[in-house]
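*Asks:* Supplied in structure tokens, the structure appears directly below.
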Amino acid sequence: MAKQNIVIIKYNAGNIRSVNNALLRVGYDAEITADPEKIRSADKVIFPGVGEASTTMRYLNDSGLADIIVSLKQPVLGICLGMQLMGSFSEEGGVKCLGVFNEEVRKFKLPDTNSDNLKIPHMGWNRIFDLKSDLFDASLEGQYVYFVHSYYVAHGVDTAATTDYILNYSSALQKDNFFATQFHPEKSGPVGQRILENFLKL
Amino acid sequence: MLAKRIIPCLDIKDGMTVKGVKFVELKTVGDPVELASAYADQGADELVFLDITASHEGRKTFVELVHRIARHINIPFTVGGGISELKDAEALLNAGADKISINSSAVRNPHLIDEMAKNFGSQFVVVAIDAKKEMDGNDWAVTVNGGRIFTEKRLFSWAKEAEERGAGEILFTSMDHDGVKQGFANDALAELSQSLSIPIIASGGAGNMAHFKDAFVLGKADAALAASVFHYNEISVPDLKHYLRSEGIVVR
């Protein structure tokens, strides 16, 4: 892969550096920045996130990052909370989100008879199916990736991967240049590494 | 379906891995990053690093180690030991830890759980509980300082309180089972798993592969943690996964 300019959007979210650690392991080094010019001129933009939706959305709106993200034309990868914030609305704090994807983010509800002892958050390794994006390739169908989340995006027109936990939901989304994963590719071993490499190849 | 997790635990002293037998005798095993990479390559689902001397010694070596781990390891990892304030957790978060585990400090100051969850999110906060079964009755006494001090807290009510305060997971170690390799405390695990809605990690007692199966089937645990059986090559992670799969348990 040719040398490229990768930016990880810096904002008030936890563990942003772990994404760059994963990029370093595959031979890339991203710049972690909130500088609008640097974000706009990057070849690839990664929008990671661990945190609470409404506080984070307020920060993105106040800082002007929200407007920048939705206007980007290069490949953008949202991860975990990053993906949820790219939806239209989140039940977490009842907040209007970026609206890149026309999907609402809802809280998992345990089934009434919880005979399998399912837990919230959905935490751990689960499989991705029905892969429909250039983020994925045939070798990734049915593979395990690492999740930590209590809110989910339902199935919709932009669903790019499906995972079964309590229900079948969208574990990845894609619309035009916007890609997003609910799971953490940076923490998903060789499988996650391949997904990041696929994104960098776009 | 969500896979059951296998978690090797690395006790760290002076930047090296150790495993305490009954928390007292210590044997040096090796370099944490090297061992952790080997476990990740073998298919371990997560790793836990416990700085067992953190309360008594400087934190700097450990934070530097966490930086190195985060740089090299491509699976999630939890760090614990001697985290008593928000700024301890923040230093570890910034070094790249995915989760922190708090134990004695949470017992002494339960509000710490609320603070950590509020600042870093519940997914970052593992509450570790070391407990010992009471001679009379069915409850378990919560202990601190590596099992040396008994407290007024009881396992089930404390675990519930930890959940309500914002813990993302409970890591339960039975001090009666730890180091004796006769299996996990499955009855207590099952009660925890059924009364809480957050994941439960079983710890203490792994001696053979069937013990892991029992922790998942009888103990209804979401994850199982062990140290010496992995460190001394008594059980390999790939063999364990193969065995569990053949027993109908979903593993990665």
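*Asks:* Checking A:Pro185 against (1) surrounded by 22 or more Cβ atoms within 10 Å (Cβ to Cβ); (2) of a type outside the set (Gly, Ala, Ser); (3) at the interface with chain B (Cβ under 9 Å from one of its Cβ atoms), only one condition comes out false. Which one?
*Replies:* Going through (1) surrounded by 22 or more Cβ atoms within 10 Å (Cβ to Cβ); (2) of a type outside the set (Gly, Ala, Ser); (3) at the interface with chain B (Cβ under 9 Å from one of its Cβ atoms) one by one, A:Pro185 breaks only (3).
*Asks:* Restricting attention to region A:119-132, and to residues there that are within 11 Å of A:Ala161 (Cα to Cα) and touching a helix residue (DSSP H, G or I) at 6+ places or on another chain (Cβ under 9 Å), which single residue is farthest from the other protein chains (Cβ to nearest Cβ)?
*Replies:* Quick first cut of region A:119-132, residues within 11 Å of A:Ala161 (Cα to Cα) only: A:127-132.
Subsequent filtering for residues that are touching a helix residue (DSSP H, G or I) at 6+ places or on another chain (Cβ under 9 Å) retains A:128, A:131.
Details: A:Ile128: 12, A:Leu131: 18 Å.
Looking at residues that are within 11 Å of A:Ala161 (Cα to Cα) and touching a helix residue (DSSP H, G or I) at 6+ places or on another chain (Cβ under 9 Å), I get A:Leu131.
*Asks:* May I pose another question? When residues of region B:211-237 are filtered for being touching a helix residue (DSSP H, G or I) at 6+ places or on another chain (Cβ under 8 Å) and farther than 23 Å from A:Met123 by Cβ, how many remain?
*Replies:* Total satisfying the criteria: 4.
*Asks:* Can you find a residue that is on the phi < 0 side of the Ramachandran plot, more than 14 Å from chain A (Cβ to nearest Cβ) and hydroxyl-bearing (Ser, Thr, Tyr) anywhere in region B:201-210? Full working, then the answer.
*Replies:* Our first condition is that a residue be on the phi < 0 side of the Ramachandran plot; within region B:201-210, this holds for B:201-203, B:206-210.
Now narrow it down to the ones that are more than 14 Å from chain A (Cβ to nearest Cβ): B:203, B:206-210.
From what's left, hydroxyl-bearing (Ser, Thr, Tyr): B:203.
Looking through region B:201-210, at least one residue is on the phi < 0 side of the Ramachandran plot, more than 14 Å from chain A (Cβ to nearest Cβ) and hydroxyl-bearing (Ser, Thr, Tyr).
*Asks:* Okay, moving on. So if I check each of B:Glu152, B:Glu163, which one is free of Cβ contacts under 8 Å to residues at least 60 places away in the same chain and either more than 30 Å from B:Lys118 (Cα to Cα) or within 12 Å of another protein chain (Cβ to nearest Cβ) (or both)? Can you show your working first?
*Replies:* Working: B:Glu152 fails: either more than 30 Å from B:Lys118 (Cα to Cα) or within 12 Å of another protein chain (Cβ to nearest Cβ) (or both).
None of the others qualify; the one that does is B:Glu163.
*Asks:* Please give the strands (runs of 3 or more DSSP E) falling wholly within region A:121-202 in which 3 or more residues are under 29 Å from B:Ser197 (Cα atoms). Can you show your working first?
*Replies:* Values: elements: A:122-127, A:144-149, A:151-153, A:159-165, A:167-175, A:178-181.
Answer list for region A:121-202: A:122-127, A:144-149, A:151-153, A:159-165, A:167-175.
*Asks:* Failed condition for B:Asp114, given (1) within 16 Å of the chain's Cα centre (by Cα); (2) in a helix (DSSP H, G or I); (3) farther than 24 Å from A:Gly192 by Cβ, with all others met?
*Replies:* So B:Asp114 meets the others, but not (1).
*Asks:* Okay, moving on. State all residues of region A:141-180 that are within 14 Å of chain B (Cβ to nearest Cβ) and in contact with a helix residue (DSSP H, G or I) (Cβ under 7 Å, 6 or more places away or on another chain); if no residue qualifies, say none.
*Replies:* First, the residues of region A:141-180 that are within 14 Å of chain B (Cβ to nearest Cβ): A:142-152, A:162-169, A:171.
Passing the criteria: A:Gln143, A:Tyr144, A:Val145, A:Tyr146, A:Val148, A:Tyr151.
Every read-out reported here was derived from the displayed coordinates using simple, explicitly stated rules and does not represent laboratory data. What you see is a predicted model, and the numbers here were worked out from it, not measured in a lab. Ideal geometry is used to build each Cβ from the backbone, glycine not excepted, and the neighbour counts take in all protein chains shown.
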